[in-house]
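Heads up, the thing below is written out as structure tokens.
Here, each number is a calculation from the coordinates, and none is a lab measurement. Quick caveat, the model's predicted, so the values are computed rather than measured. Neighbour counts are summed over all protein chains in view; Cβ atoms, including those assigned to glycine, are modelled from backbone coordinates with ideal geometry.
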2 protein chains.
Amino acid sequence: MSLNVTQKILKEHYVSGEMTPGEEIGLTIDQTLTQDATGTMVMLELEAMGVERAKTEASAQYVDHNMIQADNRNPDDHLFLESAAKKFGLYYSSPGNGVSHPVHMQRLARPGRTLLGSDSHTCANGCMGMIAMGAGGIDVAQAIAGEPFYVKMPKVWGIRLSGSLPDWVSAKDVILELLRRHDVKGGVGTIMEYYGPGLESLSAMDRHVIANMGAELGATATVFPSDGEVKRFLKSQQREEDWQEIVADDEATYDIDDEINLSELEPMIAKPSSPGNVVPVQEVAGEPIYQSYIGSSANPGYRDFAVVADIVKGKSVASGLSFDINPTSRQMLSDLVADGHIASLLSAGARLHQAGCNGCIGMGQAPATGRNSLRTTPRNFPGRSGTKEDSVFLCSPETAAASALTGMITDPRSLEMDCPQVSDPDEPTIDFKLLEEPLPPEEAKKVELQRGPNIVALPDMEPLPDHIEVPVILKLGDNVSTDDILAGGSRVLPFRSNLPEISKFSFEMLDDTYYERTKELEFSKGHAIIGGYNYGQGSSREHAALAPRYLGLRVVIVKDFARIHWQNLVNFGVLPLTFTHEEDYDKLEIGDALHLHDINEAIKEDKRVPAHIKGKDNEIYLEHALSDRQVEILQQGGLINWIKERQESKSR
Amino acid sequence: MSLNVTQKILKEHYVSGEMTPGEEIGLTIDQTLTQDATGTMVMLELEAMGVERAKTEASAQYVDHNMIQADNRNPDDHLFLESAAKKFGLYYSSPGNGVSHPVHMQRLARPGRTLLGSDSHTCANGCMGMIAMGAGGIDVAQAIAGEPFYVKMPKVWGIRLSGSLPDWVSAKDVILELLRRHDVKGGVGTIMEYYGPGLESLSAMDRHVIANMGAELGATATVFPSDGEVKRFLKSQQREEDWQEIVADDEATYDIDDEINLSELEPMIAKPSSPGNVVPVQEVAGEPIYQSYIGSSANPGYRDFAVVADIVKGKSVASGLSFDINPTSRQMLSDLVADGHIASLLSAGARLHQAGCNGCIGMGQAPATGRNSLRTTPRNFPGRSGTKEDSVFLCSPETAAASALTGMITDPRSLEMDCPQVSDPDEPTIDFKLLEEPLPPEEAKKVELQRGPNIVALPDMEPLPDHIEVPVILKLGDNVSTDDILAGGSRVLPFRSNLPEISKFSFEMLDDTYYERTKELEFSKGHAIIGGYNYGQGSSREHAALAPRYLGLRVVIVKDFARIHWQNLVNFGVLPLTFTHEEDYDKLEIGDALHLHDINEAIKEDKRVPAHIKGKDNEIYLEHALSDRQVEILQQGGLINWIKERQESKSR
């Protein structure tokens, strides 16, 4: 049978389920990637799971998100992550080394492997002929512990590339064109697989750009073949031995067929405030800009900076414009210095920032209120820049550079110069310090976790009791989001490694007495929450399940759940139930004592769970949609206990 | 009569008072410097004063402090400052250009001139044969408006330098040695003037290092002669025509005599948490370090970075160490790139940050809790790094580099290598974009101030009324500090350009009902505050006078005042009085209605001001210590009105 690249890789990693689009499958995970913003919780979870050492081929902990260090919390996190990487046998990339995705690509990515990362742009490494997926922190912890990752089998969306990119048009324009065509949900439930003769003109780093922003289409992953260009890239990184060819069979088919003729593309731009809001640059040319921002995992290549340098060389950016250069890694910065590109950028008026994610995730370089900011980053959701009333455009390095010179949005084709011809270097600097190797097991065992005052170990979670008698303490309406449950932002996020502290913010947007009331119940007595439709929509933030669980949440009963939050509740040992008869929603009030009996038996044997409302002489029927695996997880008190048990039984 | 350099410059700028140490003198100001953290208020004051255009030879607005841009407030401030610079005819240095003091030195400093800056390290430019002084924002606004600056005539502290610096010892060690000898108050009331044969071996930038940290000794200013080295420096900046020789007469004398033999110095280090806590590096060698931080106006020279680069060249810094490089300016960074020094630093493992003040003023790069941080910056007060429980050492670039390699505090003389011999370049890159020239008057008139949502114009202040009848709404004890009156820190400071908002924080540390109670009085009805000894000690923050004044404060009656806050009260139109009989403090209570009549006459004619406490049938006697000039300022409702009146009368 003829297979495409996606099928070839999945076949090698498949452990359970039906390989039919929409059905849950289990996949073995070869590599993991965590960054600092999500990684501290993953490390606390590994500790709580009793994991001694990563079971993966390669797991790496990067520090690239929170590097401002406005106070002790960022650097304390860094030291904690460094100690955790040593203890658990992970690679460690210290602050200043660079952005996780391109560094991973340079040092660890291997064709044919699976990669799971606690960062939504993990998909970028699909450029290397891998299945690379973003996931929640505890999913990654689970993978590090050697467990499979469960995901709904996606459709494979084959995108045939033909032609070659014209002057002034680059990889970013390819993915912006796809976003123009299909918008931000166009890739949901798919793996985007690129093939065809157009690949010839796309370097591995160009493919990284395209794979990275598959996340913006909502795709589960993006896959490129592992061809001669991947071989060239690995050779340039002195890792030729890690290459293997993986290309689609001649007769391979796809669930969805699509095509892009690269020769017909023109410079594209995503207007505020969605990556799907794409138009040709020409359409908005002439709008004044305040900032031109170069960098991020969406344009991380040497060429992405070198082409900008060549465009501005010998000129000056527009007066008053903030021209922000964010190098990808120390290694790449060294090459850009050596080749004179940094000199060109500085002389044109650049602000050169440290290597890292920086402003791409709102960590500095926020634009002035209402002023237009052009960025080569992947996202322009409102406020993501750090400025509430922002106006962020996404574009290619060529467009950002041309616009920096004129002070207004400019189609680079209108510049009176030849298009710079730049390739990634064939013999780049290799900075082996970018990743510290895992410690040998005997040394790792001696490492103690370095916990700053804001890093608090996760508490033990009890198994699901057989009887639950708890008061209802919140009754909520429809469409409660994870932001309502636990806000993000700079006020709350610094406590992400401190469950007792972050829990205090739970539900404060909806009912600011929630925390106090759970405290009066001494947390341990437990409580229930009632909700309407689409409960837990929005961000996949696992703290939205973990924090209320810490405060004693045992049962959530709603009309229906948003998928990821539902999964997170299970993972943290909270029983997620729906009403069999939706009208029963009206029967439950705050203060009611809810009684569920013989639960362990009930959820194992049936989809239906009976419940009494004490004193009201009412029996209501509730339901669950848990798989057998999930029932087991829940019974043990959540995924941490479940893995812990498996770790222990394996070591017995 | 033989004169020293200080006397020569003062003589040319003296306008009033007695040139006797301790007496107030008035000096004309040739140049001013403002940075962004203090500059927004200065610009609002210029606007409120009705100043149309700077009257100085050169006034420059720098953006170097708040460049993290975590949200809209920093970049909104930058745009406001840019527009204000254009409107008022100032030079403007945009974010990324570099640190104010060295950039001012390169572009504008001129021997024989006076410079007043709203930054305590303004004294650094004393290296150029200038009298350069830090001052409060409104003092600088006043100077920009063409008014003299009033200061107590300092003693001149002559420091004769002999010998020359040994290998591995540099300018930082000279000023650390003075701090070791005299501690952080050793220079109060003095101008430190350096002379003697040892000057030969100190470059202009070395002298900048020494002059900069005169601030840490509490000196009013530091003065170096304008000699051949200053000529060489100006020539290298293509400004030879700005040079004039100013050296002490052969027979010149000093109020205080001191001497340092440079040949006898060794590497010094200031231990946590005071710049005066100095010991030889040897004494603390071997202590583990977490961070080595290079940069700031206390070590801004090309050589300060190049020598570090040469020390670490071809090596790697200790594993886990944060090696933070903070370039002084874009121009200097270009030279360091061109000469291969940035390559050496990166290859050793540096984190290269944008040019600016950055971590020196707690804007990023905070160290981990309790970990030792070695810095070439001027201050290590507790928490200044951004981390509350910090442990910051101050040292030379040589010591910081040697310690970075070993991971522990290291005397650079113990390195097994020859001491790098580096000089500042004789033909450095000249980046003319570092300072934008003032707009011509006709264009400046058209400029409108760009006010972001957090930048609010200052309100009009009424003149002193003849009768004041106000309630006492706070009665405080001894030693109330300006931090008690209005806190600093990241919660409050972002509102520094927004008087209505920042006022809400007034006195909250002592009585959090203060704001609400002033609001009930509709601010305009006014109120009085009673205090004990040493009222208003601590930081010179002018908001501590301005914010309560905005809320209606008209009179402060205390046992005695701290000097700067007393001056600030006058500047913002608040009548500062002391009890003639201290026991009258006990007669006044919160809620008492205080009645002062015929005040204008009273303060002009006499030092004594009678007051009634209504309903108590009590007359108490109060006193003021205002000069005639200050009486006039107060009568007009503060310095802003006073200048405004003078501006208008001049233009009539």
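For a paramagnetic label modelled on B:GLU266 (point 7 Å from Cα along Cα→Cβ), amide N atoms under 13 Å away are absent within the range B:308-325. Calculated mean residue ellipticity at 222 nm for chain B: -8000 deg cm²/dmol, from DSSP H runs with n ≥ 4 weighted as -39500 (n - 2.57), summed, divided by the residue count and rounded to 500. Here the Karplus relation 6.51 cos²θ - 1.76 cosθ + 1.60, evaluated at θ = phi - 60°, turns the backbone of the range A:417-429 into coupling constants of 7, 6, 5, x, 10, 10, 10, 5, x, 7, 10, x, 4 Hz, with x for every Gly and Pro. Scanning residues 5 or more positions from B:SER396 or on other chains, those with amide H under 5 Å from its amide H are B:MET268, with H placed 1.01 Å from N in the peptide plane. Taking 0.36 nm per residue of separation and subtracting the Cα-Cα distance, full extension of the segment from A:ARG563 to A:ASP167 would add 138.2 nm. Residue exposure proxy: A:PHE495, B:PHE507, ordered by other Cβ atoms within 10 angstrom of their Cβ from fewest to most, comes out as A:PHE495, B:PHE507. Using a cut-off of 31 Å between Cα atoms, the listed pairs B:LYS504/B:LYS650; A:LYS155/A:LYS504; B:LYS11/B:LYS185 include B:LYS504/B:LYS650; A:LYS155/A:LYS504 as exceeding that distance. Sorting B:VAL230, B:VAL140 by the number of Cβ atoms found within 10 Å of their own Cβ, with the fewest placed first, yields B:VAL230, B:VAL140.
Across identical copies of the chain, A:GLU501 has label-point separations of 2.4 nm, listed in ascending order, with the point defined 7 angstrom from Cα along Cα→Cβ. Quick one: compute the contact order of the range A:268-414, relative version, from alpha carbon pairs under 8 angstrom and 6+ residues apart, as a percent. Relative contact order for the range A:268-414 comes out at 36 percent. Sorted largest first, the principal axis extents computed over the alpha-carbon atoms of the range B:1-93 equal 57, 28, 21 Å. Contact order for chain A, expressed relative to its length and based on alpha carbon pairs under 8 Å spaced 6+ residues apart, stands at 14 percent. The A:ASN479 and A:SER316 beta-carbon pair, evaluated with R₀ = 51 Å, returns a calculated FRET efficiency of approximately 0.55. Nearest 0.05, what FRET efficiency do A:LYS519 and A:GLU632 give at R0 = 35 Å with Cβ-Cβ as r? That gives a FRET efficiency of 0.65. Segment A:ARG239..A:GLU287, full-extension length gain: 12.7 nm, with 0.36 nm per residue of separation and the alpha-carbon distance subtracted. For the range A:586-652 versus the range B:395-419, the spacing of their alpha-carbon centroids is 62 Å. Quick check: residue separation of B:ASP466 and B:VAL447 times 0.36 nm, minus the Cα distance between them. What number comes out in nm? The B:ASP466-B:VAL447 span can extend by a further 2.9 nm. Considering only alpha-carbon pairs that sit under 8 angstrom and 6 or more positions apart, the relative contact order computed for the range A:468-651 is 22 percent. Note on B:ARG181/B:SER201: beta-carbon distance plugged into 1/(1 + (r/R0)^6) with R0 of 25 Å gives a FRET efficiency of 0.80. Residues of the range B:83-108 with an amide N closer than 16 Å to a point placed 7 Å from the Cα of B:GLU12 along the Cα-to-Cβ direction: B:108.
In plain terms, the residue of B:HIS78, A:HIS182 with the fewest other Cβ atoms within 10 Å comes first and the most crowded comes last, giving A:HIS182, B:HIS78. Compute the separation of the alpha-carbon centres of the range B:249-302 and the range B:27-84 and state it in Å as a whole number. Answer, in whole Å: 32. Enclosing the Cα atoms of chain A in their convex hull gives a volume equal to 152 cubic angstrom per residue.
A simple spin-label model places the labels of B:MET19 and A:SER490 5.0 nm from each other, with each point 7 Å out along Cα-to-Cβ. Counting every C-alpha pair in the protein assembly as shown, the share spaced more than 58 angstrom apart comes to 23%.
Projecting 7 Å from Cα along the Cα-to-Cβ direction, the label point of A:GLU283 sits 7.0 nm from its equivalents in the other copies, listed shortest first.
Taking the charge dipole of chain B about its Cα centre, with +1 at Lys and Arg Cβ atoms and -1 at Asp and Glu Cβ atoms, the residue from B:HIS543, B:LEU333, B:ILE256 reaching farthest to the positive side is B:LEU333. Inter-copy label distances at B:SER316, shortest first and taken from points set 7 Å along Cα to Cβ: 4.3 nm. Would you work out if the range B:606-652 is rounded, prolate or oblate? Take a ≥ b ≥ c from the square roots of the eigenvalues of the alpha-carbon gyration tensor; rounded if a/c is under 1.5, else prolate when a/b is larger than b/c, oblate otherwise. It comes out prolate by the Cα gyration axes. Across the options A:PHE224, A:PRO148, A:MET268, the greatest Cα extent toward the positive end of the charge dipole of the range A:133-270 (unit charges at beta carbon of Lys, Arg, Asp, Glu) belongs to A:PRO148. For the range A:533-590, GluC sites (Glu not before Pro) are listed when DSSP marks them as loop and at most 14 other Cβ atoms sit within 10 Å of their Cβ; the list is A:GLU589.
A simple spin-label model places pseudo-atoms 7 Å from Cα toward Cβ; at B:GLU623 and A:ASP258 they are separated by 8.4 nm. Once both labels are modelled 7 Å past Cα along the beta-carbon direction, what's the A:THR580-B:ARG232 spacing in nm? Here the answer is 9.4 nm between the modelled labels.
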